[in-house]
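Remarks on the structure that follows.
The values are calculated or read from the model by the stated rules, or taken from the named source; none is laboratory data. Please read all numbers here as calculations on a predicted model, not as lab measurements. Virtual Cβ from ideal backbone geometry, glycine too; neighbours counted across all protein chains shown. These accessible areas exclude ligands, DNA and RNA; they are computed on the full protein's heavy atoms, side chains included. Shrake-Rupley method; radii C 1.70, N 1.55, O 1.52, S 1.80 Å.
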Amino acid sequence: MTVNPGNGAADRFQSLLEHIPGMVVYLDLVQPDDPSESLPLYISPQIEELLGYEHAAWLSEDELWLDVLHPEDRDRCAEADAHARATLSELYAEYRMIHKDGHIVWVSEHAAVVEDEATGKLYWQGVMVDITARKHAELALAASELQYRSVFEAATIGLITLHLDGRVREANHAAERSLGHLPGTLNGSTLWEDEPPPSVGTLAEGRNDRCELEVALRRKDGVLRWFRLVVVLVRDGAGSPDHLTVMLDDIDARKRTEAELIHRSNHDELTSLPTRGHFLERLREARDRAAFAGDGVGVVFVDVDGFKVVNDTAGHQVGDQLLVAIAARLNGAVRPSDLIARFGGDEFVVLADRLSDAHDAVRLAWRLASALRAPFEVGGSSFTVTASFGVSYSRDPQEGEEELVRKADAAMYAAKQQGRNRVAVFGEQAGANVTAIGS
């Protein structure tokens, strides 16, 4: 392939061609004095990955193509090539080539003679596509029932055939083991607890031929386990949907690892409580729900009083243990629908939605304060812990999450300024009261 210098469109087109996996493009100049001969001008760099030989060799070694042809295909391909060159006719062929490391590569080659309108020169322009996977599939489909049965039963990956209504026709041993069934007991059952996933439904209706999905399936013992499914529609001779073939791959360990990584990114490493970012996301969702229901949300900002003294006197290890214990106490004092997060250091923030007024949020703050009253036994020592609580409440769906938190933080700071160990409410919602805990 030749391009004009500085031709941006041609450069981009050539770059595109050279980055398509499994496809090789070539260009040969037909010799004017002997049209049956041609001079290699260009071959795309994918040829190295396809067959293992250096790119330059394909432009300099005349016999390399013949050398790497499979012995059983060599005469047929050489004859077809000679005929096409002699007649300058279009060439289409599928054949095998031997990779440099010895394995067989199936290719589909399509070549034709094109004329350069500017110069009148003739070129062979061709494309070779790696069809190894397709050929393997064709050979597998052409195999006898005995061969199919052997592969089906010996496969280490789960294989299942489904009726179009989703019932299992047949499952191999790997699939039965993965789903906790004894041999033969999976037949007639369904993989889905309710309706099949929409993507599978479109296959059964014949509106698609293949889909991939990751889904949690319930084993025979009741345990949910994650699998990757590749589902293929098999049609009958008339082209109508006949049944579905499912490849079942257990990915439960990967999904659990992914879930753990997501959890770690959203949760504090020390206390396992949600982080600030996750809290604000949940607060945004709570505001939307509250706006729909016509009620409000409350935020309680908690700052442990004098925690620095614990770190200075008992050490950071004991301080960390005390923070974990405080987090557990606070978490045990909220409703299942509430959310408590650690904002850093000795600061915690609680979200409570579906509240009728600010008094509900104040009552939550008092409940949190009560949870801290009993001494904490940590590292062989007993600690009495108090905290300052700031409360904000809003029924305004337009009020931002950060603003609600800022107001609760400001109220907490007011509680600190008034002597700590107190609950303070922001604004006029509760008369801007600052109430000493225990008063």
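At a glance:
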item: Any pair with Cβ under 9 angstrom, 6 or more apart, that starts in the range 308-330 at a residue that is open to solvent by 40 Å² or more (accessible area, probe 1.4 Å) and ends at one that is acidic (Asp, Glu); result: Lys308/Asp346
item: Pairs where the first residue, in the range 358-371, is on the phi < 0 side of the Ramachandran plot and the second is part of a helix (DSSP H, G or I) and open to solvent by 10 Å² or more (accessible area, probe 1.4 Å), C-beta under 6 Å, 6+ apart; result: Arg367/Ala333; Leu368/Ala333; Ala371/Arg329; Ala371/Ala333
item: Only one of Glu170, Glu153 that is surrounded by 12 or more Cβ atoms within 10 Å (Cβ to Cβ) and either without any contact (Cβ under 8 Å) to a residue 40 or more places away in the chain or assigned to a loop (DSSP other than H, G, I, E, B) (or both); result: Glu170
item: Any chance Ser381 is among the polar types (S, T, N, Q) and open to solvent by less than 20 Å² (accessible area, probe 1.4 Å); result: no
item: Candidates Arg354, Arg406, Arg342, Arg363 - the one that is open to solvent by 10 Å² or more (accessible area, probe 1.4 Å), of a type outside the set (A, V, I, L, M), at pLDDT 90 or above and under 34 Å from the mean Cα position of the chain (by Cα); result: Arg342
item: Answer from Val246, Val297, Val234 - the residue that is in a strand (DSSP E or B), more than 28 Å from the chain's Cα centre (by Cα) and over 12 Å from Ala341 (Cα atoms); result: Val297
item: Enumeration of residues in the range 257-282 that are surrounded by 12 or more Cβ atoms within 10 Å (Cβ to Cβ) and not in a helix (DSSP H, G or I); result: His267, Asp268, Leu270, Thr271, Ser272, Leu273, Pro274, Thr275
item: Residues being open to solvent by 30 Å² or more (accessible area, probe 1.4 Å) and under 23 Å from the mean Cα position of the chain (by Cα) - total across the range 179-201; result: 3
item: Selected residue (only one of Leu59, Leu50 is part of a helix (DSSP H, G or I), at pLDDT 90 or above and open to solvent by less than 90 Å² (accessible area, probe 1.4 Å)); result: Leu50
